[in-house]
Amino acid sequence: MSRSIVVLAVLGLTLTACGKSEDKPAKDPGTTDTEDTDIGDTDVPTIPERAGASVAVNCDCSGGPDLRVGLMLTEYDAETDDVVYVREYTSTAAPSFPVDVAIPAPEDDDISSLDEFSGALFLVYLYEDLDGDGVHGTGEPMVATTASSPTFLDDGVSGLWVLLELDLIGDEDPGQGLLFSGIDLTAFSPTPTLDFGGTLDVGADTPERLAIASLAGLAGTPMTGRLHDDVYTGGPFAFNLDAPPDPSRITESELTTEVAYEVPIAYIDTDGSGAYDVDDEVVGWGCTDDRPFGLIYFPQPVTLQAALVGYAVGYQPGWNPVAAVGLEEAPEVIDPAAAQSLVLSATACPGVDDY
Ligand SMILES: [Ca+2]
Ligand SMILES: [Ca+2]
């Protein structure tokens with residue numbers, strides 16, 4: 001499936017399953033007089049109104065005076081198999097945890113087609129309400145989020161609240177349950193600095209310089225603000241990243257969020273420019289555990305989309321050491337300790353030719 005579908009290609013499957021008749025509550029719980037078959041019966045069945053829900057939200061983080069739990073109302077776009085964010089549906093102060101979040105009953109306009117079922121699916125997040133207006137605004141940091149999604153299933157009567165566990169970037173069926181248990185938010189843990197290093201294994205090729213190049217730059221896109229590009233004098237190497245990259249190096253990724261994707265290289269300065277150029281000869285790529293090594297800078301998320309991607313892939317705001325697992329899949333965040341024992345090699349890393 002396309003990596004751009006961040007939230008739920010699986011939704012249709014789940015809601016289809018939920019829509020099975022045996023999963024629905026009785027259609028007319030207010031009509032119990034089943035023996036009364038007189039035509040013209042004046043008994044009017046009592047139709048329960050749609051109900052809201054209350055859910056306890058917890059977090060592996062502290063609350064705060066500016067923090068709020070937000071719920072985003074969504075719609076499902078069957079054409080793109082994607083979720084569209086409609087509006088912040090409710091927002092609740094989170095001075096400490098747990099927080100009891102009351103979800104008002106959806107109005108008719110809030111109900112949309114969720115594949116073969118109708119309802120309202122909500123995404124949950126914790127944000128810093130910097131301007132104190134009680135809603136999430138542009139640039140306000142996302143602090144935590146979750147794949148647990150309170151979802152109202154419209155059965156035409158009073159509806160049913162369930163808690164879907166979304167598989168945000170995969171294609172597995174999410175689990176579900178009635179909305180009685182709480183929701184656990186997972187907070188981001190910023191990593192503004194990263195040390196990495198290792199040794200070279202480049203055979204007869206003698207690299208002249210080591211650099212940290214962007215994947216886009218290696219593909220020919222002009223880039224400015226290279227992080228490192230230094231003469232190599234032999235022996236082990238070590239780098240320290242202690243600042244964000246130049247903003248121009250942060251570009252939309254295949255996961256529909258913006259990151260900088262950098263890779264360490266050893267190269268021969270073929271054109272003698274004193275810096276890496278696209279025609280220079282790369283003789284060593286970063287390798288860890290037989291996988292191409294990379295560095296992903298994930299900016300502090302300020303949108304729900306970015307927060308969900310970071311949550312799903314495991315990116316923390318700041319520098320993330322990663323191992324590529326194939327061009328079609330998200331790089332996997334690895335233990336920072338593994339980034340201390342890289343091998344820069346031209347041949348020892350399957351998949352590096354994909355660069
Ligand atoms: Ca605000
Ligand atoms: Ca050069």
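Here is how the numbers come out for the structure above:
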| quantity | calculated |
| --- | --- |
| Any hit, the stretch 251-263, residues being within 16 Å of ligand 2 (Cβ to nearest atom) and not acidic (D, E) | no |
| Selection from the stretch 191-223 of residues that are closer than 20 Å to T270 by Cα and of a type in the set (S, T, Y) | T206, S214, T221 |
| Hits in the stretch 224-250 (condition: within 14 Å of ligand 2 (Cβ to nearest atom) and either of a type outside the set (F, W, Y) or in contact (Cβ under 8 Å) with a residue 40 or more places away in the chain (or both)) | R226, D229, D230, V231 |
| Selection status of V143, assigned by TED's automatic domain parsing to the domain that holds D167 and within 17 Å of C59 (Cβ to Cβ) | yes |
| Test: residue in the stretch 281-302 that is within 16 Å of ligand 2 (Cβ to nearest atom), surrounded by fewer than 15 Cβ atoms within 10 Å (Cβ to Cβ) and charged (D, E, K, R) | yes |
| The lone exception for G220 - which of (1) outside any strand (DSSP E or B); (2) more than 16 Å from ligand 2 (Cβ to nearest atom); (3) out of contact with any Asp or Glu (no Cβ under 9 Å at 6 or more places or on another chain); (4) more than 30 Å from V83 (Cβ to Cβ) it fails | (2) |
| Residue in the stretch 119-128 that is in contact (Cβ under 8 Å) with a residue 60 or more places away in the chain and farther than 25 Å from G310 by Cα present | yes |
| Any hit, the stretch 184-197, residues being within 16 Å of ligand 1 (Cβ to nearest atom), in contact with an Asp or Glu (Cβ under 8 Å, 6 or more places away or on another chain) and not in a strand (DSSP E or B) | no |
| Tabulated pairs, the stretch 70-93, first of a type in the set (K, R), second in a strand (DSSP E or B), C-beta under 6 angstrom, 6+ apart or interchain | R87/L73 |
| Qualifying residues in the stretch 128-150 (those that are out of contact with any helix residue (DSSP H, G or I) (no Cβ under 8 Å at 6 or more places or on another chain) and hydroxyl-bearing (S, T, Y)) - the one nearest to ligand 2 (Cβ to nearest atom) | T138 |
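A quick yes/no check of all residues on (1) under 23 Å from Q300 (Cβ atoms); (2) surrounded by fewer than 14 Cβ atoms within 10 Å (Cβ to Cβ):
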position: D195; (1), (2): yes, no
position: T206; (1), (2): no, yes
position: A213; (1), (2): no, no
position: A219; (1), (2): no, yes
position: G225; (1), (2): yes, yes
position: D229; (1), (2): no, no
position: A243; (1), (2): yes, yes
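The values are calculated or read from the model by the stated rules, or taken from the named source; none is laboratory data. Source: prediction; values computed, not measured. We place every Cβ from the backbone using ideal geometry, glycine too, and count neighbours over all the protein chains shown.
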